[in-house]
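As structure tokens, the structure follows; a few thoughts come after it.
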Amino acid sequence: MARNRETLLREFHEAKWDEPIIYEMSTPGERGILPPKADPSIIDEFGDAKDLIPQSMRRETSPNLPEVGQMRVNRHYMRLSQETMGDDVAVDIGEGTCTMKYSPKIQEHTVAYNAKITEIHPMQDPSTMQGILEVYYEVERYMKSISGMDHFCFQPGGGAHAVFTNASIIRKYFRDRGEDRDEIVTTIFSHPCDAGSPATVGFKVVDLMNDPVQGYPTLEAFKAALSEKTAAIFVTNPEDTGLFNPKIKEYVDAAHAVGALAVYDQANVNGIMGITRARECGFDLIHYNLHKTFSSPHGGMGPGCGAVGARDFLKDYLPVPRITKDENGTFDLDWNGEGATIGQVRSYFGNAQVVLRAYMWLRSLGSDGVREAAMCAVLNNQYMVKQIEQIKGVTMYYGEGKRRIEQCRYSWEQLEKDTGLGTEDVLRRMVDYGCEHYWESHHPHIVPEPFTLEPTDSFSKEDIDEFVAVMRKIAQECYETPEVVRTAPHNAPCHGIKNYYEEDPEKVICTWKKYKEVYGIE
Amino acid sequence: MKKIGLIVNPIAGIGGPVGLKGSDGEDIQKLALSKGAVKESGKRAEAAFALVGTCKDDILLYCGPGEMGETIAKNLELEHQVVPAIHSNTTAADTEFVAAQMKDLGVDLIAFAGGDGTARNVLNAVGDEVPVIGIPAGVKIHSGVFATSPAAAGRLIEAFVKTKAVKFQPAEVIDLNEEDYRQGRIGDTFYGYMSVPVIGSGMQNPKAASHNSENDVGGICQEIREKMQREDPDTVYILCAGSTVYSLKQDLGIDGTLLGIDVIQGNKLIGRDVSADELREIIHTNQCRLILTAIGGQGHIFGRGNQQLAPDIIRHIGTDHIWIIATASKIYGLPQQTLFVDTGDASLDEELRGYRRVIVGWQETLICRVM
């Protein structure tokens, strides 16, 4: 059976295996691998490997691990993978703010199998890893060109970590200047880490409510938040509503006028790369998520990279090691910085495989291609907004008549009023049509019954049409056959998981020990 | 097994569709029916309870007689016991009578369908001793005890029965004087607090209470303590009404009031439930800080529930010496996230307007518009 050509809807059913927990598959003595004993000559020279571990760190009893052979382990995880949805099998437009683009598989093969990357170690002598250092150096060069910033660092392991790094730089900068500034200003629709990470560094957080008409704070409100105590502003633009603040430079100027620095959260720069740059907007520090915009698979907390960009006057504060290039073209690592550095925020020089993927992606597109990718992402979103906003029950908050850039936050508020079914119900039904569920919104849910969609540059018109058809169909079902939606999903391995289960300690079981307790297993 | 009470005010909301701005009072109800109004609240309650079907075996249902709940239980084939009322044609007294009996029966939760008037009746009968969920079915829905919709109420009841992840928090009961409202004057009154379960989102106020950081009363108290340490030790603190400020009073170990204004100095109570005149005397000789909160779901910081703060008193304290505290979720739940002032003095109101900081946690403030 092929997908219905008229409705674009699939008859889909996900695999269901009723797979046991791997501990339940354990047979005493069964093994996946039998590591060979060390050669006697090695034992003669180094002794028993166990003795290399300090006494205080050795465990007295064997760990309680499942004992399962390779074939059964492989089958177990293949089955579990069939019970999940991912963007390799589904149209993953729903994960708004996550920039779920296609990451070419050749990048994966290079990163995972090419010995030139898999067999190097960051403690090697730099002269023996010139290749990866050159990749770092080149990606830094491309990032500088895209942002206009003067220097980049790829050490942070993700976006919130990059914001943490930027907040640490700001703290040190003002300490060195002897200025007592302990507040940061952010906006309610900026990424939550723009408040959370600086708070972790020790800053007080001043959060700005959005203007109910334009969707982001007015300049007047913004100025009311600034004072001689403000160390920096941390703002996302476009915010997760998809609305771009075209007067951002005036906000930055207002921050500079009180002596504060300006930090641009560009975790998702997919709609504006090659079009508008942080430098021209006046920012002092920025970050990009290489695992969003720059094509590393994103999600599942996998390895990421929050690339931090800084202006010249903050160069010395960047984490070490810095990658350097001398006049002979030799690359090296500078571990000392110029003395002002905040030190290391992660071991060695970060997730090299993410930087390498970004390198491959950027090299394959070139500068014109990067700009074209942004334009495709924006065009896709314009097409999609026009379709989604016509679905009965959907409303769009803020910025009436204004274009959304690369994503949009919608609301099922009207649908909920009309049918009693809201965003949580709709998202659970999506899997029945072979779509991964969408993402609602960062907290707080000021936009009621929210959902956030982002059709990145990778999706074709047909992908978007299929996704929209699913949304339209579910909205129709909410009005006509609500029970079907309320009891969804029907075609997935697990049914009726409610969001509030996450908060119930009796329903969330993270360990085998707890599992045994709850289910009374001996 | 949870004991759930169901009370429907069958005439709630009948004044709305025929343009009567409310349904309080027998004359209005008769007028509404004569104008062709249809009783809708039962349907709304039924819509809510239809969603409870999946956990009906875990519920012991108590309901009011006939249209007050029994009919719904029968329609949905839910096992139930009927709690008797006084009259055959339901009045406010019946709501109170049934709710009081449910309290005596030890129900875990009362779900009631109605509007702000019905909420007041339930409040009169059970206070904050029995948790409630309001199923919105009236004309006026301003109180924070209501779910955002009948379906949201149903989901909340289901979650209440199915999960142990339930916290409770006080929510305001607010009502308009309908006669004033019909004359075009808005004069809403705060009547008290009832206890509501917090499970994910779903309550009218807070609209998005699901993250701890959005309900960080402990953090607010800590922030205020630290601010107090930076002040002159002789500073007098005027602590206003409301549940957030009451939590602060408890945190400071003060035997203060929920609905009144209390005054402390050096962490000692020097005035309890004070009047405007008593306040005038205190502020005359002391440097003061005013600590207040906004009314949930509505947003007033002056002019509602704290009328003791006469304009001359606010001026004397100084508009720069006001500390506004509120949970972030309360601010998010306000219409357009805006605060309001209505001191009765137009020029003072103008001075208080603009953008103000609201303390929402430890080292955390929100900048809000004041209108």
Non-local residues with an amide H under 5 Å from the amide H of A:Trp439, with H modelled 1.01 Å from N and Pro and chain starts lacking one, are A:Glu95, A:Gly96, A:Thr452
Of all chymotrypsin sites (Phe, Trp or Tyr not before Pro) in segment A:327-357, the ones in DSSP coil with at most 11 other Cβ atoms within 10 Å are A:Trp335
Most exposed to least, judged by fewest other Cβ atoms within 10 Å, A:Met25, A:Met57, A:Met384 sort to A:Met57, A:Met25, A:Met384
Least to most buried among B:Lys35, A:Lys507, by other C-beta atoms within 10 Å and fewest first, runs B:Lys35, A:Lys507
Taking B:Ile157, A:Ile464, A:Ile497 and counting other beta carbon atoms within 10 angstrom, the fewest-first order is A:Ile497, A:Ile464, B:Ile157
Output for segment B:219-328: GluC sites (Glu not before Pro) sitting in coil per DSSP, at most 15 other Cβ within 10 Å, listed by number, reads B:Glu231
Per residue of B:359-365, other chain Cβ atoms within 10 Å number on average 4
Expressed as a whole number, the average count of other chain Cβ atoms within 10 Å around the Cβ atoms of A:409-420 is 2
Within 10 Å of the Cβ of an average residue in B:247-255, the count of other chain Cβ atoms is 0
Treating only Lys and Arg (+1) and Asp and Glu (-1) as charged, each at its beta carbon, one finds that segment A:115-237 has a dipole about its Cα centre, in Debye to the nearest 20, of 100 debye
Whole-percent tail of the Cα-Cα distance distribution for chain A, cut at 33 Å, equals 50 percent
Highest mean packing first, using Cβ neighbours within 10 angstrom, the peptides A:366-377, B:66-77 sort as B:66-77, A:366-377
One finds, for A:Lys37 and A:Asp88 with R0 = 51 angstrom and r their Cβ-Cβ distance, a FRET efficiency to the nearest 0.05 of 0.80
Charge dipole of segment A:441-505 built from unit charges on the beta carbon (Lys, Arg +1; Asp, Glu -1), centred at mean Cα; most positive-end Cα among A:Thr452, A:Pro482, A:Gly496 is A:Pro482
Correct semi-axes for segment B:2-204, from √(5λ) of the alpha-carbon gyration tensor and rounded to whole Å with the largest first, are 25, 19, 15
Taking only the alpha-carbon atoms of the protein assembly as shown, the convex hull volume per residue, in cubic angstrom, is 218 Å³
For A:Tyr383 and A:Ala340, extending 7 Å from Cα along the Cα-Cβ vector and measuring point to point gives, in nm, a value of 4.8 nm
Of A:210-221, B:113-124, B:327-338, ordering from highest average Cβ density within 10 Å down gives B:113-124, B:327-338, A:210-221
Two pseudo-spin positions, 7 Å from Cα along C-beta at A:Cys494 and at A:Met375, lie apart in nanometres by 4.4 nm
Note: segment B:236-302, point scatterers on Cα, Debye, no solvent; log10 I/I(0) at q = 0.21, 0.28 Å⁻¹ equals -0.82, -1.30
Here D for segment A:22-82, in µm²/s, from Stokes-Einstein with a Kirkwood Rh over Cα pairs at 20 °C and 1.002 mPa s, works out to 147 µm²/s
Rounded to the nearest 0.05, FRET efficiency between A:Phe46 and A:Thr118 (Cβ-Cβ, R0 25 Å) equals 0.50
Charge tally for neighbours of A:Ile342 with beta carbon under 13 Å away, counting Lys, Arg as +1 and Asp, Glu as -1, is +3
Per the 1/(1 + (r/R0)^6) rule, R0 = 51 Å and r from the Cβ atoms of A:Tyr77 and B:Asp234, FRET efficiency to 0.05 is 0.15
Long-range amide H partners of B:Gly138, meaning residues 5 or more apart or on another chain whose placed amide H is closer than 5 Å, are B:Gly114, B:Gly115
Cα extents of chain B per principal axis, largest first, Å, are 65, 46, 33
Scoring only Lys, Arg, Asp and Glu (+1, +1, -1, -1) among other residues with Cβ under 13 Å from the Cβ of A:Val484 yields -1
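Since every read-out is calculated from the coordinates, none of them should be taken as a lab result. Remember, predicted model here, so these are calculated numbers, not experimental data. Ideal geometry is used to build each Cβ from the backbone, glycine not excepted, and the neighbour counts take in all protein chains shown.
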